[in-house]
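Shown below is the structure under consideration.
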Amino acid sequence: MASFNSPHVLQILAQRSLRSCPCWLADRDRLRTVVDLAHYIVNTFALRAACPDGVALSVDGFALPPAQDIALVRDNDVVLYAGQH
């Protein structure tokens, strides 16, 4: 398992209604694209019922294109997710 200072750790801010849930993600080695990260978030937080169309991810107010390489998300980025409509 990677430490919080490891280059393989991402920070995720999970937005549920008006609450925030800061989390650390240590499985970065398994992720190749942004859509892999989106699927990981849906499965990890059991969001399939709440977000049947998946989730959209953003960093610093900018949408993350699903097909982009996971390298687009840098270490210590705060990734926000929202259900797709």
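Sequence-distant or interchain residues sharing an amide H contact under 5 Å with L64, placed H: which?
Amide H neighbours of L64, under 5 Å, 5+ apart: L57, S58, V59.
Just to be sure I understand the curve: with the Debye formula and one point per C-alpha of the range 26-85, what is log10 I(q)/I(0) at q = 0.12, 0.16, 0.19 Å⁻¹?
-0.25, -0.45, -0.64
Efficiency by 1/(1 + (r/R0)^6): what FRET value for D29 and A63, r their Cβ-Cβ distance, R0 = 30 Å, to the nearest 0.05? All intermediate terms of the calculation are to be shown ahead of the outcome.
Working: r = 24 Å, r/R0 = 0.81.
Once the sixth-power term is evaluated, E becomes 0.80.
Quick one: if the Förster radius is 41 Å, what FRET efficiency do D77 and R48 give, using the C-beta to C-beta distance and rounding to 0.05?
Details: r = 24 Å, r/R0 = 0.60.
Efficiency for this residue pair is about 0.95.
Computed from the coordinates by the stated procedures, all read-outs in this text should not be read as laboratory data. The model shown is predicted, which means the values in this text are computed figures rather than measured ones. Cβ coordinates were reconstructed from backbone atoms using ideal geometry, including for glycine residues, and neighbour counts include every protein chain displayed.
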